[in-house]
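The block underneath contains the structure these notes are about, expressed in structure tokens.
FYI, it's all coordinate maths here, none of it is from the lab. Since the model is a prediction, treat every value here as computed from it, not as a measurement. Glycine gets a Cβ as well: all are built from the backbone with ideal geometry, and neighbour counts include every protein chain shown.
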Ligand code: ADP
């Protein structure tokens, strides 16, 4: 309450409000933010913590906002940026991220621009011009550019409204995405001494948070930490027995919906993509071993819905803001819970149901162990990496609520004891009452086989297989032969894996022979109270029924036929405008339209995700499709809408959107048809001396991952010249190919 009072009475930023300066009341100002929200984004309300974060931004106090991926961090600085006078600077680590956010803001009618190394001189000049004219509400810049000589000076003169540092964990060596360029941001405070700085991250560790505060020199920051619980994600874990079949089962339940499949190795990515393509799916690969151009193509095709599935290593993800990823499958064990949480967090950013499936086997952990031991010489670093891997294994083999385990890892507790959004709470796995007996049978068979055989062989003995090798070895005469004959082979094999992870069994030697651990011996001799927890899936039919119930969530009342039509229209518009379809309308908006079927513009604006700009641009086309579909299918239109708009929505005080008149898809098509191809810029600089600015830009483009060919084009130089320059700048080794 104290900070609230001082904010209301004395804060110098009050005079920055372009239309609220006479208001002395916080609730009223926040109410106006609500207007901004509806006008530009078409959102009805703020999500948890957005309210507090926006309040901190408006009050001019530094802040650190921690929200999980998909939590809605962008709005926390974008909405106040619209409400404040002047331009807000946003520092962002990746061109893809900047471009995505600027495009999305432009679609909503918020004037935003970016300055990055992928732009040519003309584009840059145009943005600087807009900046000088005060025409931009948000300017996205990379850290190198922001702090480059001269540029910081220009900005200082322009007196920006505030600074937002997105993906702030990149500043910390303890984070998972450390970017050396971010460390330069420690100079922000001295250059822009009076400006509030707001840092945003999804990083959950305290160490990184403290590092951000220290390095950015945040002054008495408001630290806001949101919940990492993502109730719209449905988690499930399965033993990887027949990965392609298991993956197919999930994809086939989600026809046409976007998804990411993570693999451990590049080779797995290539193989799985090929299999999926051969099976008729639209899939594309992504890993660091691919040419930069091919990688970029895969990414763009995925974002713009030309391919449905991206198969990738961990290299894929940062900078992907696609909100409608409906599933994330891990076809192998991730190396830490942090990675798993980040990667699965890319599903369902729009808040609608999305599925996260982990397929794994203990061999995955062995692969990671090998990689970790090869790649970390420092024993302490290695130990930490191995501990994290063990935590991940425990998560995967655990039989407690997945959500509870995940957020518990980050120090949070789940309310209630059933999340209803994971395989455990949803009853897709059954914990066996007779786990102890089954485990003892498996362990004793390993002993009878003198700990000389692998898991496959042991399990075959246990189910009493007629295998010739077993008979030749005389193992059909063992007392443990056929001890689990009432169970399918797959099940016994799964339990064996579960016993390995729970440390009752170990794989040893060159051929992964099974051996009983000391914990296993205690169990075998009945000298412990600890009991292994073995699980088995419920019947396929029950599982299918349960899945169906999950799949129906978020679809209640939605006419799927109309949804498809609206999605098709979205895609058509997006293709012409060369933006991803979700930037026209996201899934939540489309489903709301297909549920309530607005046939008039007055009702169309009441749909979640329809702001003024989109109403003007797309309202006519969408309501036309809705009317036609409903007429043809004898359906009622205009269901559950308010009779009239309230005052705030009908009086739009904030006139920052240029009024570009009525819009229609036909008009847009005509505009595109009339465009003439642009002549390539005459920027031939072959043989010219390199300037300091060029060096700086080459470096930035290289860090941004631009292919040398593209860099060469931008500089009007040959590829060879770029390569030599990169070597000279110490960015590439002379024997490294590009
Ligand atoms: P983050 O940066 O935290 O990962 P984003 O800012 O990309 O998350 O937001 C994730 C999704 O949620 C986006 O599609 C965004 O439009 C949507 N979103 C954010 N805030 C709201 C809100 N208040 N109401 C409805 N949707 C929202």
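Each residue in region 576-614 was checked for being without any contact (Cβ under 8 Å) to a residue 24 or more places away in the chain, more than 14 Å from the ligand (Cβ to nearest atom) and not in a loop (DSSP other than H, G, I, E, B), and 2 of them qualify. Residues that are surrounded by 23 or more Cβ atoms within 10 Å (Cβ to Cβ) and over 24 Å from residue 550 (Cβ atoms) were ranked within region 312-329; the one that is nearest to the chain's Cα centre (by Cα) is 316.
Evaluated against (1) on the phi < 0 side of the Ramachandran plot; (2) crowded, with 21+ Cβ neighbours inside 10 Å; (3) within 16 Å of the ligand (Cβ to nearest atom), residue 84 falls short on exactly one condition, (3). Suppose we keep only residues that are more than 16 Å from the ligand (Cβ to nearest atom) and in a strand (DSSP E or B) within region 301-330. Which one would you say is nearest to residue 74 (Cα to Cα)? Going through the qualifying residues, I end up with 327.
Quick one: in region 331-354, of everything that is more than 13 Å from the ligand (Cβ to nearest atom) and assigned to a loop (DSSP other than H, G, I, E, B), which residue is nearest to residue 554 (Cα to Cα)? Checked region 331-354; the qualifying residue nearest to residue 554 (Cα to Cα) is 353.
Entry remark, region 616-638: residues being over 16 Å from residue 565 (Cβ atoms) and touching a residue at least 60 places away in the same chain (Cβ under 8 Å) number 0 in total.
Checking the condition away from the ligand (no atom under 14 Å from the Cβ) and in contact with a strand residue (DSSP E or B) (Cβ under 9 Å, 6 or more places away or on another chain), which residue from 118, 63 passes?
Values: 118 fails: in contact with a strand residue (DSSP E or B) (Cβ under 9 Å, 6 or more places away or on another chain).
Within the list 118, 63, the selection yields 63.
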